[in-house]
Amino acid sequence: MKDIFILIEHRRGEIRNISFELLTKARELSEKTGGKVTALLLGHQTESFINEIKSSAHRIIVIEDEKLKDFNSEYYTATLFNVLTTEKPFLTLIGHTAFGIDIAPALGSKLNIPVATDCIGIEIDNNIIVTRQMYGGKLNATINFKDSSQFLVTVRQGAFPVSETNLSVEHPAMAATEITKTPSTLTEDIAAIKFLEYIEAATGGVDITKANIVIGIGRGVKEQENLKIIEDFAQAIGGVVGCSRPVADSGWLPKDRQVGSSGKTIKPKLYIAMGISGASQHISGMKGSETIIAINKDPNAPIFNEANYGIVDDLFKVIPALKKKIEELK
Ligand SMILES: Cc1cc2nc3c(=O)[nH]c(=O)nc-3n(C[C@H](O)[C@H](O)[C@H](O)COP(=O)(O)OP(=O)(O)OC[C@H]3O[C@@H](n4cnc5c(N)ncnc54)[C@H](O)[C@@H]3O)c2cc1C
């Protein structure tokens with residue numbers, strides 16, 4: 001049977017959204033394969049988590065241990081290794097988050113099974129086919145694995161929507177959610193890493209979710225050196241600079257400036273999209289803006305479908321002209 005296991009990720013007492021994204025996708029895949037969806041819940045005092053996920057999985061395997069309360073890759077990897085060796089699920093899905101990136105390669109190597117990371121698509125036929133992005137999102141690559149009876153895949157956040165619908169009662173594998181409590185065998189000495197505390201990432205003083213005017217920049221800005229022109233413009237009109245994912249991925253701006261499904265959702269009074277094509281993942285983060293202006297040299301760029309006003313031209317020509325006009329008006 002092609003059973004799918006999901007690692008439930010939680011932080012500071014809350015299940016993270018990626019877990020629900022994975023549960024939704026696993027349910028969709030299991031409808032086709034007839035396998036069961038099992039949630040792997042590692043933690044301490046997990047009752048509320050169990051209640052939250054119990055309508056989303058056929059089975060929940062709970063491993064309780066105070067050492068699993070906060071994320072520790074060594075305790076998590078050792079526990080997962082034991083469960084996956086005993087249970088041998090066909091596919092295990094883990095979020096491509098800071099947690100997942102830390103666990104998956106070591107776990108895959110210990111289990112000696114194929115691993116694909118940062119996937120945005122999964123299909124199960126006889127084998128598994130996953131989709132990954134290449135060249136900063138310019139190309140999608142589909143990947144086949146070598147034959148194996150077990151696979152491990154990490155999934156990009158926001159790649160799959162969360163469905164509110166619970167497991168279908170018609171599903172052949174669905175009876176009632178089975179809860180299996182497995183004792184933890186962890187001992188202190190297996191971990192060299194100790195969890196000390198959570199520290200929130202610094203926002204760098206700019207919170208794009210609170211700004212009235214956001215200038216969103218995309219790959220059309222070409223290179224990091226050009227940010228100065230944009231920042232000057234943003235300052236001139238009292239706005240802050242946000243960005244599309246490729247800009248954040250390139251490290252030109254911090255991740256907390258990214259707008260979109262795997263970034264921030266913003267609703268400013270004015271959003272000016274500069275050199276942004278308007279991919280759905282970007283649009284979902286800014287479509288609630290009161291007024292949207294798009295500047296793009298491609299008249300067919302999808303961003304114009306969302307914009308209230310559009311300028312089809314080279315942004316490096318438009319910015320000085322706009323800045324001059326604004327200064328005159330001031
Ligand atoms: C699971 C998943 C999650 C994602 N999450 C996000 C997310 O949260 N946020 C996000 O933004 N993306 C996200 N993406 C990526 C998204 O699919 C797009 O790849 C990305 O938004 C494209 O960014 P872009 O518009 O800057 O680049 P491109 O698509 O490369 O567009 C660049 C645009 O600039 C224009 N241009 C070029 N030069 C100039 C110039 N001189 N003047 C004017 N215009 C110019 C071009 O005509 C083009 O339209 C995600 C993708 C996946 C699969």
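Within segment 1-43, the residues that satisfy the criterion of being of a type in the set (Asp, Glu) and either in contact with a helix residue (DSSP H, G or I) (Cβ under 7 Å, 6 or more places away or on another chain) or within 19 Å of VAL62 (Cβ to Cβ) (or both) are ASP3, GLU9, GLU14. In segment 116-134, of all residues being under 18 Å from the mean Cα position of the chain (by Cα) and open to solvent by 40 Å² or more (accessible area, probe 1.4 Å), the one that is nearest to the ligand (Cβ to nearest atom) corresponds to ILE120. In this structure, does ALA141 turn out to be over 23 Å from GLU197 (Cβ atoms), open to solvent by less than 30 Å² (accessible area, probe 1.4 Å) and not hydroxyl-bearing (Ser, Thr, Tyr)? Yes, satisfied. Consider LYS325 carefully, then state whether it is more than 27 Å from ILE120 (Cα to Cα) and either part of a strand (DSSP E or B) or outside the structural domain of ILE18 (by TED's automatic domain parsing) (or both). Criteria met by LYS325. For segment 183-205, the condition holds for at least one residue, the condition being that it is more than 16 Å from the ligand (Cβ to nearest atom), open to solvent by less than 60 Å² (accessible area, probe 1.4 Å) and either at positive phi or modelled with pLDDT of 90 or more (or both).
Show me the helices (runs of 4 or more DSSP H) found entirely inside segment 208-318 where at least 1 residues are more than 8 Å from the ligand (Cβ to nearest atom) and charged (D, E, K, R).
Details: elements: 227-236, 245-249, 280-286.
Ranges flagged: 227-236, 245-249.
Of all the residues in segment 224-237, those that are open to solvent by 60 Å² or more (accessible area, probe 1.4 Å) and in contact (Cβ under 8 Å) with a residue 24 or more places away in the chain number 2.
The values are calculated or read from the model by the stated rules, or taken from the named source; none is laboratory data. Values in this document were obtained by computation on a predicted structure and should not be read as measured data. Cβ: placed from backbone, ideal geometry, glycine included. Neighbour counts: every protein chain shown. Accessible surface is based on the protein model in full, side chains and every heavy atom, while ligands, DNA and RNA are left aside. Shrake-Rupley method; radii C 1.70, N 1.55, O 1.52, S 1.80 Å.
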